[in-house]
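Input: a single structure, listed below in structure tokens.
The values are calculated or read from the model by the stated rules, or taken from the named source; none is laboratory data. Please read all numbers here as calculations on a predicted model, not as lab measurements. In this analysis, Cβ positions are derived from the backbone assuming ideal geometry, glycine residues included, and neighbour counts consider all displayed protein chains.
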Amino acid sequence: MMRVRHVVLPKLAVGLMLLIAVGIVVNGCRDASPPSPAQTVVDDMQLALLPIDVTSMSYLERILEHITVDPAGNLRYQATHNKGWGPNDIDPKHETTETREGRLSAQARAELARMFADSETWSGEQYVGPADSPIVTVHYGQKTASGGDLPKKMQALENRLRELARSMPIVTR
């Protein structure tokens, strides 16, 4: 009889320790669960959108694009095609300009604020790209990034802004 008790007691202790370990892991994982959609919206609304000014120039494509967004979400996009770059270049009468304007939704403003959240890490250095590549300058608040070969994250910002801008109604063509 004594022998059976010694065998059962260690098995019971191991089972109890496993139960405690599982409880600790489950309780720890519960705190790391993703935030609810309502909490995410509140967090996004707390990020303030700063003024945005993006200019993209492509000499070879003869395109000049300028996008501005104010903190209230008013977006203005102006694209000049067949852009002449000087007095000995193409005749300015061949230039066409398209202007789009509109107001971003609260969701789009929050998305942009979230995408620009790490702008404090921008160093202001020039990103050198290949010869004749488009030159892009991005101003966000007091921070600036520019060059011909922006990092992927900044390219994504520029592309998202262009996407939002092209969704706005045309004011002039």
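Report yes if Ser146 is hydroxyl-bearing (Ser, Thr, Tyr), exposed (fewer than 15 other Cβ atoms within 10 Å of the Cβ) and in the same structural domain as Glu61 (by TED's automatic domain parsing), otherwise no. Talk me through it step by step, then tell me what you get.
Working: hydroxyl-bearing (Ser, Thr, Tyr): yes; exposed (fewer than 15 other Cβ atoms within 10 Å of the Cβ): no; in the same structural domain as Glu61 (by TED's automatic domain parsing): yes.
The answer is no for Ser146.
Conditions (1) more than 23 Å from Asn82 (Cα to Cα); (2) acidic (Asp, Glu); (3) assigned by TED's automatic domain parsing to the domain that holds Ala79, marked per residue:
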position	(1), (2), (3)
Ala108	yes, no, yes
Asp118	yes, yes, yes
Val128	yes, no, yes
Thr137	no, no, yes
Gly141	yes, no, yes
Met154	yes, no, yes
Arg160	yes, no, yes
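Restricted to segment 108-143, and to residues that are within 14 Å of the chain's Cα centre (by Cα) and basic (Lys, Arg), which residue is surrounded by the most Cβ atoms within 10 Å (Cβ to Cβ)?
Applying the filter and picking the extreme gives Arg109.
Give the residues of segment 52-86 that are more than 26 Å from Pro130 (Cα to Cα) and either of a type in the set (D, E, K, R) or outside any strand (DSSP E or B) (or both), sorted by residue number.
Selection gives Asp70, Pro71, Ala72, Gly73, Arg76.
Residues Ala106, Ala117, Ala32, Ala21: which one is among the aliphatic types (A, V, I, L, M), over 25 Å from Val171 (Cβ atoms) and at pLDDT 85 or above? Steps first, please.
On the way: Ala106 fails: over 25 Å from Val171 (Cβ atoms); Ala32 fails: at pLDDT 85 or above; Ala21 fails: at pLDDT 85 or above.
The conditions single out Ala117.
Among the residues in segment 97-107, are any more than 22 Å from Ile63 (Cα to Cα), in contact with a Leu (Cβ under 8 Å, 6 or more places away or on another chain) and surrounded by 15 or more Cβ atoms within 10 Å (Cβ to Cβ)? Steps first, please.
As a first pass, look at segment 97-107 and keep what is more than 22 Å from Ile63 (Cα to Cα): 103-107.
Next, only the ones that are in contact with a Leu (Cβ under 8 Å, 6 or more places away or on another chain) stay: 103-104.
If we keep only those that are surrounded by 15 or more Cβ atoms within 10 Å (Cβ to Cβ) too, we end up with 104.
Scanning segment 97-107, I find at least one residue that is more than 22 Å from Ile63 (Cα to Cα), in contact with a Leu (Cβ under 8 Å, 6 or more places away or on another chain) and surrounded by 15 or more Cβ atoms within 10 Å (Cβ to Cβ), so the answer is yes.
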